[in-house]
1. Take the chain, connect every pair of alpha-carbon atoms lying under 10 Å apart with a spring to form a Gaussian network, then pick out the residue of L395, L355, L148 with the largest mean-square fluctuation.
2. Kindly provide the Kirkwood hydrodynamic radius of region 2-161 in Å, to one decimal, from all pairs of distinct alpha carbon atoms.
3. If the label point is 7 Å along Cα→Cβ of T64, which residues in region 15-32 have backbone nitrogen under 12 Å from it?
4. Quick one: with all protein chains in place, what share of the accessible area of region 180-335 is carbon or sulfur, to the nearest percent (1.4 Å probe)?
5. Counting only heavy atoms of protein chains, what accessible area per residue, in Å², does the chain have with a probe of 1.4 Å?
6. Counting other Cβ atoms within 10 Å, keep those with at most 16, restrict to DSSP loop, and tell me which trypsin sites (Lys or Arg not before Pro) in region 207-310 are left.
7. So I have (1) 120, 26, 18; (2) 55, 25, 18; (3) 59, 21, 19, and one of them is semi-axes √(5λ) of the Cα gyration tensor in Å calculated from this model. Which one is it?
8. Can you quote the Å³ per residue value for the convex hull of the Cα atoms in region 1-73, rounded to an integer?
Amino acid sequence: MSLVALSELLGASVRDASGTVRGRVREIAVAPQDHPTRIAFLIVRTSAGERVVPTSALRAFVPTVRAHSDAANWDRYAPSDGVLLLKRDLLDQQIIDVHGRKVVRVNDVEIDSTPVNSHLALNVVAVDVGARGAIRRLAKGIVPTFTLRALLDRIPPRVIPWQYVDLLETDPSRRVKLKIAYEGLSKLHPADIADIVEDLAPAEREAVFETIDEEVAAEALEELDPKVQVSIVESLDSDRAADIVEEMDPDAAADLLADLTEDHSGQILKEMQPEERQEVTQLLEFGERTAAGRMTTEFIAVPETAVVDDAIEALKKFEGSREALATIYLTGAGHRLVGSVPLVRIAISSPAAQLSDISEPYVACAPDTPQDEVAALFDKYNLLTLAVVDQHERLAGIITADDVITMLRHKD
């Protein structure tokens, strides 16, 4: 096994079975849909045009590429959307280092060359994002090979293993082939995805949100600055935007749609499912800087006659945010709010215990309460959730602590 840099291979002479130099390496191709790391073929510039030399025909790779087939048998190269070209698609491109949770630039690519029977197995193993790759490329053809190698040996390597890298593809016609690369990105915490996205250009942000899972995209979108949220959503098709907005907390979705133009928000609402559309539409009727404008309509409320086991069943069926699980609310006659039970009390109580017996006094506010007063209530009572009740003391929604943190962070 040996490692060779992409920059060393580009421009290398290619000899056929007769030993005659037939051309030079112009590109190296990977077919991600067939194998995510394996090099499928070389593109060689010859006097007869660009030809394809499959890796199965190679018997040596450096410093000269040697094939055990005749040049007459090399197929003419035809561009394909299903191919990743290492020079075109990687060198000098931005990538997401999912392991380091940041955006970096590719200076070179490391390729593993391993003899297998009568040919070579070639695989992309890492990308070079440090000074070594940059210097290797800048000095190529200028500094003698021996001197350059001695210089590079003194520079600490800075490479990212291929499995920790996500590519940024902004060309819609070729995005499908790179979809597999976003699997690692989807596994990051939404806040880390948001940090990465904020460092990207608009087209690259769109590429990320076009590709990752809707639920992950929704959570990441909620972590972004409102202006960035708007920019991303405006760049997406209305049906894709609707899929993501449906997965957002209703209050966050309403805030986002309120920042869009009426036409754009209307198109997204039209594409949403009826239930989610109704929830968000109701919240859009309230002032953004009021309790009702900050609340979510996804919460857990059970009758005051319920027992702990009933609350546990409600928890199992709940599809809202984790923050909303902190408190289970109790309702009485006419759906009036009568109490609240912290999740921790449910966890330590007997399944048959009456919720009313372990209930605590609740803290609530009116829908038109200014957001500054909402923040003051959270601070005064050390709340995890705050109930919002209408004029009849019915539970209209709740505000969660993370909503207040976001509110204060984005406060003008």
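The values are calculated or read from the model by the stated rules, or taken from the named source; none is laboratory data. Values in this document were obtained by computation on a predicted structure and should not be read as measured data. Glycine also receives a Cβ, built like all others from the backbone with ideal geometry; neighbour counts cover every protein chain displayed. Protein only, heavy atoms only, side chains kept; ligands, DNA and RNA dropped before computing areas. Shrake-Rupley method; radii C 1.70, N 1.55, O 1.52, S 1.80 Å.
1. It is L148.
2. Across region 2-161, the inverse of the average 1/r is 16.4 Å.
3. Answer for region 15-32: 15-23.
4. On the way: 3120 of 7260 Å².
Here carbon and sulfur together make up 43 percent of the probe-accessible area.
5. Per residue, the chain has an accessible area of 50 Å².
6. Passing both the DSSP loop test and the Cβ count: R289.
7. Correct label, based on the coordinates given: (3).
8. That works out to 93 Å³ per residue.
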